[in-house]
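Undergrad: Once you've had a glance at the structure underneath, I'll fire off some questions.
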Amino acid sequence: MAKIFNTLTRRLDPFIPGGVAKDSTAEYPPVTIYSCGPTVYSYAHIGNFRTFVFNDFLRRYLKFRGYTVNHAMNITDVDDKTIAGALKEGVTLKEYTDNYTQIFFEDCKTLNIEPVEHYPRATESIDAMIDIIAHLDKKGLIYEKDGSLYFSIAKFHKYGRLSNVTSMDIKAGARYDADEYTKEDVRDFALWKAPKENEPYWETPFGKGRPGWHIECSAMVRKIFGTTIDIHTGGVDLIFPHHENEIAQSEAAYDEPFVRYWLHVEHLLVEGSKMSKSLGNFFTLRDLLDKGYSPRAIRYLLLTAHYRKQLNFTFDGLTQAGQALLRIDNLIARLNDIKQEKPINEEAEKRCSQFIGSFIEAVDDDLNIAEGIGTFFDFLHDINTLIDKRMLGKADADTIMHILNHIDSVFGFIFFHGTVTVNKEEIEALIEERNKARKEKNFTKADSIRDELYSKGIIVQDTREGTRWLIKS
Ligand code: AMP
Ligand code: ZN
């Protein structure tokens, strides 16, 4: 990967894992990546999954480029929301968060998100948190108030480098912590929180309590990687204060850089607005599956926008994702139909290597997947033209299939079909509507209904006996 936008430097930086340039990607040590993972108090929503699909694309692309990766994503299993959820349901915190952790893993699998190497849980990383706090304490950077411990930001002169937030920007009285605690400076944040009634707590050398949110990630990075990591990712909402605070704690405790490259994913909007329950535009992955949309179309849609641009999620967009996938499947079907042996077609061969070259050129530039997918559809178009002219034989078709498999190690939507939940009545109602449109010669409408069904994982076939539908396998 040649260049990557680093939130910390606010520019495109050359990507050098480990900080020492080598002659080839294979010579680099494994790229160490930490991604802020889900807070397991509920189902993750499709905005969260935009960020998680981006993490997946990042690791897949690095591997495609010849790097090895060592990737951790934490599970935040203790905070105000998880504690409140467990109390409300009358179960232990562990029972409550285990359930949503399981659901999160299932959802990742549904979207063809590869498992990462480490899934540390906050509640299993308390020792590492104690270690950071002990280091900070020795340096005189923390203070106690009402049984809680706070990090004193005024003593960390590099504070604000990531978010560009200065003390002037922070309004007195504003809350930067989910909990209300008294502190000396509004910017200070809790490292360790005194237990409130009915809350779970841990015994530590500095008393009973539970971790603040920010210390969890600093501790898990330290526990797994031990030293400076290459990449830290998360959504843009985490830049301040979460990531700023992670830097402050880790760098103050261990006197070494925390992270080389900070990557932040822009938000997903739904039909142009922020997702919110009151607007009725708040969707979990399972909400979309219940509406009959296919995991494959959802993955495609979440992946295709550049990560530093907002993605406006719409149901039309999902239908268009279905159209794009149909083009891919049609090409695969045509390639499978080529049985005739012919001499190798040089134009096809050239086009294959040209495509890989232009794909890499696009995506190497700050992971520009939108442009990369553009080069992919140009490639499909050119291959279709060669097939139209009957220029390709079996060997060419095999080479192209090989390229599709190779590129799918990054995309994960070419040969992935996922499972589809079917609402028979709804499908049949749409088929009837489509048949009506065809009778009225409204082919645009008929085609758009067929594409919508495709994005839900349903293939429509018009036969002499009438219209049939089947579930894409
Ligand atoms: P949480 O479970 O709230 O800790 O969030 C998990 C991840 O999803 C974090 O990296 C967030 O920054 C990210 N995230 C939250 N909302 C959105 C959104 N609307 N679009 C994209 N990413 C989001
Ligand atoms: Zn985090």
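Undergrad: Could you identify the single residue in 213, 202 that is surrounded by 15 or more Cβ atoms within 10 Å (Cβ to Cβ), away from ligand 2 (no atom under 13 Å from the Cβ) and more than 20 Å from the chain's Cα centre (by Cα)?
TA: 202
Undergrad: So which residues in segment 81-91 are in a helix (DSSP H, G or I) and either more than 16 Å from ligand 2 (Cβ to nearest atom) or not assigned by TED's automatic domain parsing to the domain that holds residue 194 (or both)? Break it down into steps so the answer makes sense when it comes.
TA: Step one: filter segment 81-91 for residues in a helix (DSSP H, G or I), giving 81-89.
Selection gives 83, 84, 85, 86, 87, 88, 89.
Undergrad: Further question on the same structure: Kindly provide the set of residues from segment 397-453 that are touching a residue at least 40 places away in the same chain (Cβ under 8 Å), outside any helix (DSSP H, G or I) and over 30 Å from residue 349 (Cα atoms), ordered by number.
TA: 418, 419, 420, 421, 422, 423
Undergrad: Let me ask something else. Select the strands (runs of 3 or more DSSP E) contained entirely in segment 1-80, then report the ones holding at least 1 residues which are under 22 Å from residue 412 (Cα atoms) and of a type in the set (S, T, N, Q).
TA: So the answer is 31-35, 69-73.
Undergrad: Let me ask another. If you check every pair at least six apart or on different chains, which have Cβ atoms under 6 Å apart with a residue in segment 65-84 that is within 11 Å of ligand 1 (Cβ to nearest atom) first and a residue that is modelled with pLDDT under 95 second?
TA: Once the first residue is within 11 Å of ligand 1 (Cβ to nearest atom) and sits in segment 65-84, its partners that are modelled with pLDDT under 95 give 79/213.
Undergrad: Working carefully through the options 74, 70, find the one that is surrounded by 16 or more Cβ atoms within 10 Å (Cβ to Cβ), away from ligand 2 (no atom under 16 Å from the Cβ) and closer than 18 Å to residue 220 by Cβ.
TA: Working: 74 fails: away from ligand 2 (no atom under 16 Å from the Cβ).
From the options 74, 70, the qualifying one is 70.
Undergrad: Taking the criterion of being modelled with pLDDT under 95, outside any helix (DSSP H, G or I) and within 16 Å of ligand 1 (Cβ to nearest atom), would at least one residue in segment 121-128 satisfy it?
TA: Scanning segment 121-128, I find no residue that is modelled with pLDDT under 95, outside any helix (DSSP H, G or I) and within 16 Å of ligand 1 (Cβ to nearest atom), so the answer is no.
Undergrad: Let me ask you something else. Based on this model, can you work out whether residue 311 counts as out of contact with any Ser or Thr (no Cβ under 7 Å at 6 or more places or on another chain) and either among the hydroxyl-bearing types (Ser, Thr, Tyr) or modelled with pLDDT of 95 or more (or both)?
TA: Working: out of contact with any Ser or Thr (no Cβ under 7 Å at 6 or more places or on another chain): yes; either among the hydroxyl-bearing types (Ser, Thr, Tyr) or modelled with pLDDT of 95 or more (or both): yes.
Yes.
The values are calculated or read from the model by the stated rules, or taken from the named source; none is laboratory data. Here the structure is a predicted model, which is why all the values come from computation and not from measurement. We place every Cβ from the backbone using ideal geometry, glycine too, and count neighbours over all the protein chains shown.
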